[in-house]
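The values are calculated or read from the model by the stated rules, or taken from the named source; none is laboratory data. Because the structure is a prediction, the values reported are computed rather than measured. Here the Cβ is made from the backbone with ideal geometry for all residues, glycine too, and neighbour counts use every protein chain on show.
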Amino acid sequence: MRIGIDIGGTFTDLVLIDDATGAVLVGKALTTPADPARGFLQVLHEALARAGRPLTQARTLVHGTTLVTNALIERSGARTALLATQGHRDMVEIGREQRFDLYDLTLQRPAPLAPRWLRFDVPERILADGSVRDPLDVAFVEALAIELAANDVSAVAICFLNSYLNPLHEQAAAAAIRRAAPGLRITLSAEVAPEIREYERATTGLANAYVQARLEDYLRSLMAELERAGFRGSFLLMQSAGGLAAPETAARFPVRLLESGPAGGVLAAARIAEQAGFSDVLAFDMGGTTAKLSVIEGGVPLVARDFEADRVHRFKRGSGLPIRVPTIDLIEIGAGGGSIARLDTLGLLKVGPESSGADPGPACYGRGGTAPTVTDADLVLGYLDPDFFLGGALALDVAAARAALATLGAQLGQTVEQVAWGIHQVVNQSMANAARRHVLERGQDPRRLPVLAFGGAGPGHATRVAQALGAPGVIVPPAAGALSALGFLVAPPSFEGVRSFPGELARLEWDAVERLLQELADVGDAQLKAAGVEPERITHTRFAELRYLGQGYEISVPVPAAGSTQPLAQLQTAFAAAYQRLYQRPGPPVPIEAVSWRVVSSGASPQLALPRLAGGDPESARKGERAAYFPESGGYQAVSVYDRQRLGVGTRVSGPALIEERESTIVVRPGQLARVDRLGCVILDEDPAMTGDPA
């Protein structure tokens, strides 16, 4: 067996694949925020009981968690000090000159993870060419380390100027701290983010040091529980860039786990879309707390190099702490099943970003929540079966949902049904607007990208989001309600190494570039061998971060394989083509500058062999009827409800209809045709031009 478990903001999801039979089992339970491991173990033992298999038969368990993100948001990490080059301890507070809101006179930014009294100027200086101007004052560092340990500081981040070129002083400072105060955890910026831009490098190093102890303690406790339960297989962690890491690597670089859950969902979406015959899609993940959207091109998710944590305005870019780690390129907005609806200062209906989360949850959960949410609205609209939510494990309270919506309706002068439809439409438009901006900024047209929907709430909202985007259709994969956990089981072990080596491309000494790339590949080899990957199964993909001279941002392009003829000319051509595609115009007549070089080292990707479906007719899968709201049909009408598990390949269902499975419900609006392809994907056709794998 292979098992993937994803801890989200509202639900903890599980996917179990039995490689002997090909069977796939999906589990879902409410997240336990106070003790995430409790929900993890609960959903694991429930799934094993349903499968009738002991944990001893699991050979792989892959885990993704929000623990690192939550530690930064809640400021619940370790007391952490920052050691900086003399005169530069305040760089994490000064930041950059850009303001994320030009017109906000009371603009706030997140406080640094190390307050000023824990930031220290260290006598040393390395110049921009990597040479030493002022040697490190080792005695100063040793004395400081003793003082820090005496004042309950447990972690230290070291970020010296230009250490990405020469890490000598950071390494010497770390050695001095270990001699003087061996109990302190140490993070070197030259190891976590060896790139230019001191501010981003410092915040990344600080974040890594800040959360390291919490992740280590969590993993140690969880692995001990699994060992007691009989687990003897391979335990791996999902990283934000879509690869797996050994617990030792994850504990060393915990910031690489910031977006582990969403990364798994996008990875599975890419694999399933490609198998279904769609190379370019918009992955749409709507869970209980947020919605995430990501562009997949040519069967490959886009990867970004920047991430922001602990935003003052959670969904406003620029308002958080910049973290320089590779991550699946996605946009996140506060639109989930638990998103709370309210009136703004103008009396207009707004939904999110505040969420009821797992505790107390939406009003209909019956756990003490009273605020109206998206899930309450979907229940009143008839899209959810109150007796079949999570397969009947959680009965939904329709009366409580109506009471919560009635409170908002009284303020608006509307009926409960009008408020429910208003919430449904507002959240759909919010997600469509975010998706449109995200897609256009990446040089794509949303009207040509089918929407691949997953997450517990995604299939219920995808059809309206796709309609607002003008997308050609919707794809709902098998196990849509827990696709992130499924993605963990198709992810390869991987590690990305990066180092800045700036210079004008045409004048670079290519032999020096090749030596740097080989060093990064060697680091990747070591990390993957620690994760149990056989050396002959490791591959390396090389990238360069390039820009036109004088520009402030880079574009990533592939680097030709070692031994290629005219590699510089190939890089120039690839960069010009990428620039043209992104900005729809040729670049300026200036030289190209290289900034950083990357090597992604990967093991083999596990196979995804979903069970093939037999043929069948809709009537054999029909569960009955339920009144559901469709304005195209004049309001509520009785619509057929189908059991997705009994919809065979080739089955076609005309809307309006509802297609249910244990973890999610697909809403088929009037005029749509739902068909089941050979993989078990439900494809909702919006346009005759919709193409893909024929049933």
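Consider region 189-245 and keep the residues that are of a type in the set (Val, Ile, Thr) and assigned to a helix (DSSP H, G or I). The one that is surrounded by the most Cβ atoms within 10 Å (Cβ to Cβ) is Thr203.
Per-residue answers, yes or no, for (1) out of contact with any Asp or Glu (no Cβ under 9 Å at 6 or more places or on another chain); (2) polar (S, T, N, Q); (3) over 30 Å from Asp19 (Cβ atoms):
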position: Ala453; (1), (2), (3): no, no, no
position: Val465; (1), (2), (3): yes, no, yes
position: Pro472; (1), (2), (3): no, no, yes
position: Ala479; (1), (2), (3): no, no, no
position: Glu504; (1), (2), (3): no, no, yes
position: Arg507; (1), (2), (3): yes, no, yes
position: Asp511; (1), (2), (3): yes, no, yes
position: Arg515; (1), (2), (3): yes, no, yes
position: Gly524; (1), (2), (3): no, no, no
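Within the bounds of region 521-536, is there any residue that is closer than 11 Å to Ser601 by Cα, outside any loop (DSSP other than H, G, I, E, B), in contact (Cβ under 8 Å) with a residue 40 or more places away in the chain and polar (S, T, N, Q)? Yes: one or more hits. Restricted to region 388-413, and to residues there that are touching a Leu at 6+ places or on another chain (Cβ under 8 Å) and not in a helix (DSSP H, G or I), the residue that is surrounded by the most Cβ atoms within 10 Å (Cβ to Cβ) is Leu396.
Candidates are the residues of region 143-181 that are without any contact (Cβ under 8 Å) to a residue 24 or more places away in the chain and within 22 Å of Val132 (Cα to Cα); the one that is surrounded by the most Cβ atoms within 10 Å (Cβ to Cβ) is Glu170. Being in contact (Cβ under 8 Å) with a residue 24 or more places away in the chain, in the same structural domain as Ser240 (by TED's automatic domain parsing) and more than 21 Å from Asp217 (Cα to Cα) holds for only one residue in Thr21, Thr31, Thr10, and it is Thr10. Does region 562-574 contain any residue that is under 30 Å from the mean Cα position of the chain (by Cα) and at pLDDT below 90? No, region 562-574 has no match at all. Against the numbered list (1) within 18 Å of Gly443 (Cβ to Cβ); (2) among the hydrophobic types (A, V, I, L, M, F, W, C); (3) touching an Asp or Glu at 6+ places or on another chain (Cβ under 8 Å), Phe575 comes up short only at (3). Total residues in region 343-358 satisfying the condition of being part of a strand (DSSP E or B) and in contact (Cβ under 8 Å) with a residue 24 or more places away in the chain: the figure is 7. Test Val266 against the stated conditions and say whether it is closer than 19 Å to Ser605 by Cα, touching a residue at least 60 places away in the same chain (Cβ under 8 Å) and of a type in the set (Val, Ile, Thr). For Val266, the condition - closer than 19 Å to Ser605 by Cα, touching a residue at least 60 places away in the same chain (Cβ under 8 Å) and of a type in the set (Val, Ile, Thr) - is met. The lone criterion from (1) crowded, with 21+ Cβ neighbours inside 10 Å; (2) in contact with a Gly (Cβ under 9 Å, 6 or more places away or on another chain) left unmet by Leu55 is number (1).
State whether one or more residues within region 336-357 are more than 22 Å from Val667 (Cβ to Cβ), in contact with a helix residue (DSSP H, G or I) (Cβ under 9 Å, 6 or more places away or on another chain) and of a type in the set (Asp, Glu). No, because not a single residue in region 336-357 is more than 22 Å from Val667 (Cβ to Cβ), in contact with a helix residue (DSSP H, G or I) (Cβ under 9 Å, 6 or more places away or on another chain) and of a type in the set (Asp, Glu). If you go through region 533-554 and keep only what is of a type in the set (A, V, I, L, M), at pLDDT 90 or above and under 26 Å from the mean Cα position of the chain (by Cα), you end up with Ile538, Ala544, Leu546. Across region 676-695, what is the number of residues that are more than 27 Å from the chain's Cα centre (by Cα), part of a loop (DSSP other than H, G, I, E, B) and modelled with pLDDT of 55 or more? Number satisfying all stated conditions: 3. Here the condition is being surrounded by fewer than 22 Cβ atoms within 10 Å (Cβ to Cβ), in contact with a strand residue (DSSP E or B) (Cβ under 6 Å, 6 or more places away or on another chain) and outside the structural domain of Ala435 (by TED's automatic domain parsing); of Glu417, Glu354, it holds for Glu354 alone.
If the condition is being in contact (Cβ under 8 Å) with a residue 12 or more places away in the chain, assigned to a helix (DSSP H, G or I) and farther than 24 Å from Val682 by Cα, then region 434-453 contributes Ala434, Arg437, His438.
Residues are listed down the side, and each one gets a yes or a no for (1) among the aromatic types (Phe, Trp, Tyr); (2) more than 30 Å from Leu390 (Cβ to Cβ):
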residue	(1), (2)
Val211	no, yes
Phe235	yes, no
Ala250	no, no
Leu257	no, no
Gln275	no, no
Thr289	no, no
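Annotation: of all residues in region 510-537 being in contact with a strand residue (DSSP E or B) (Cβ under 6 Å, 6 or more places away or on another chain), of a type in the set (A, V, I, L, M, F, W, C) and within 30 Å of Val62 (Cα to Cα), the one that is surrounded by the most Cβ atoms within 10 Å (Cβ to Cβ) is Leu528.
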